[in-house]
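A short write-up of the structure that comes next.
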Amino acid sequence: MTFAMLILFIASIWAGAQNALAGGGSFITLPSLMVTGMDARAANITSCVALFPAQIVMGVTGRADARNPPGTSLTTLVLISLVGGALGAGVLLWTPPGVFAKLVPWLVLFATALFAWGSFFRKPPKPGEAHLPPWGEALSQFGISIYGGYFGGGIGLLMIASLTMAGLAVRNAGATKNVLAGVMNASAVAIFVFSPDVHWLQAAITAVGASIGGWAGAVMLRTVNEKLLKVGVVAIGLALTVGLFWQAH
């Protein structure tokens with residue numbers, strides 16, 4: 001078990017750096033937590049709790065660049081994210097571990113495909129060119145928040161796509177996304193902390209490792225090839241998908 005915890009700590013540093021540089025850190029923490037002996041649902045819940053402090057820091061740091069999408073207030077999206085995140089977390093706790101274990105390969109495959117699409121194929125709208133009406137943005141954020149509270153892989157890309165389609169510039173969409181991600185995960189974590197599925201030792205190790213990695217990633221941000229990192233995330237996601245499907249059968 002000590003060796004598994006060491007692997008978890010090293011993987012968490014990598015995950016924190018990955019999140020700071022390109023995203024996709026949960027693809028690393030999920031299997032690393034499972035290596036320590038927990039099932040997929042417990043690993044997902046523990047990962048959500050462990051990565052939450054770094055998300056709050058990211059949201060607060062970039063708060064000045066967050067903006068209201070045309071016709072919609074950031075306060076409205078925050079409230080929607082709180083409700084949606086709590087609903088998603090409640091559904092996850094209601095889902096039997098065996099059922100979630102069968103769903104996880106599909107969720108990881110979806111998140112990997114989404115990451116690949118957002119990183120290499122999606123063409124963002126031109127600045128100021130809105131395709132989503134205010135009610136569409138609100139509905140989109142509600143759905144993303146439920147998914148975020150339930151699993152969370154790829155929520156950043158989903159929100160950036162939704163916010164840019166609503167009319168925000170990419171930089172402002174990124175900052176707004178960080179605020180909303182922190183909010184939806186706050187409501188999920190507020191529910192998860194009462195769950196026996198949270199493995200607090202592993203959560204603490206992951207939180208410390210991810211914080212170190214996040215700091216290192218921020219330092220390396222201007223020198224590392226982001227495209228190669230994104231290719232690495234997709235490769236990890238595909239390998240994890242194959243492994244989870246193999247394990248499920």
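Just so you know, all these numbers are worked out from the coordinates, no wet-lab data involved. Predicted model only: the values in this text are computed from it and were never measured. Cβ: placed from backbone, ideal geometry, glycine included. Neighbour counts: every protein chain shown.
For the pair His131 and Ala235 in one chain, pulling the backbone fully straight at 0.36 nm per residue adds 34.3 nm over the alpha carbon distance. For Lys123, the lysines whose Cα comes closer than 28 Å to its Cα, not counting residues fewer than 8 places off in the same chain, are Lys177, Lys227, Lys230. Using just its DSSP H runs of length 4 or more, each adding -39500 (n - 2.57), the chain gives a mean residue ellipticity at 222 nm of -25500 deg cm²/dmol after division by all residues.
Placing one equal scatterer on every Cα of region 2-248 and applying the Debye formula, the log10 ratio I(q)/I(0) at q = 0.09, 0.11, 0.13 Å⁻¹ is -0.35, -0.53, -0.75. Here the Gaussian network model covers the chain, with springs between Cα atoms less than 10 Å apart; of Gly98, Gly59, Gly84, Gly98 fluctuates the most.
At a threshold of 8 angstrom on Cα-Cα distance, excluding pairs fewer than six apart, so keeping six or more, what relative contact order does the chain reach in percent?
In percent, rounded to a whole number, it is 40.
Measure off 7 Å from each Cα along the Cα-to-Cβ vector at Arg171 and Phe245, then give the distance between these two points in nanometres to one decimal. Going by the 7 Å Cα→Cβ label model, 4.1 nm.
About its Cα centre, the dipole of the chain is roughly 480 debye, where the only charges are +1 on Lys and Arg Cβ and -1 on Asp and Glu Cβ. The local environment of Thr46, defined by Cβ-Cβ distances under 12 Å, has a net charge of -1 under the rule Lys, Arg +1 and Asp, Glu -1. Hydrophobic, long helices, defined as DSSP H runs whose alpha-carbon span along the helix axis is 27 Å or greater and whose mean Kyte-Doolittle value is at least 0.0, occur in the chain at 2-21, 40-61, 74-94, 97-116, 170-192, 200-220, 226-248.
Once both labels are positioned 7 Å from their Cα atoms along Cα-to-Cβ, the gap between Thr95 and Ala64 label points is 3.9 nm. Take every pair of alpha-carbon atoms less than 8 Å apart whose residues are at least six positions apart; their mean separation over the length of region 112-189 yields a relative contact order of 39 percent.
One chain, two ends: Leu139 and Val208. Fully extended at 0.36 nm per residue, the span grows by 21.3 nm beyond their Cα-Cα distance.
Structure remark: mean-square fluctuation, Gaussian network model of the chain, C-alpha springs under 10 Å; the largest value among Phe120, Phe52, Phe142 belongs to Phe120.
A crude spin-label estimate for the pair Phe120 and Asp39, with each label 7 Å from Cα along the Cβ direction, gives 3.5 nm.
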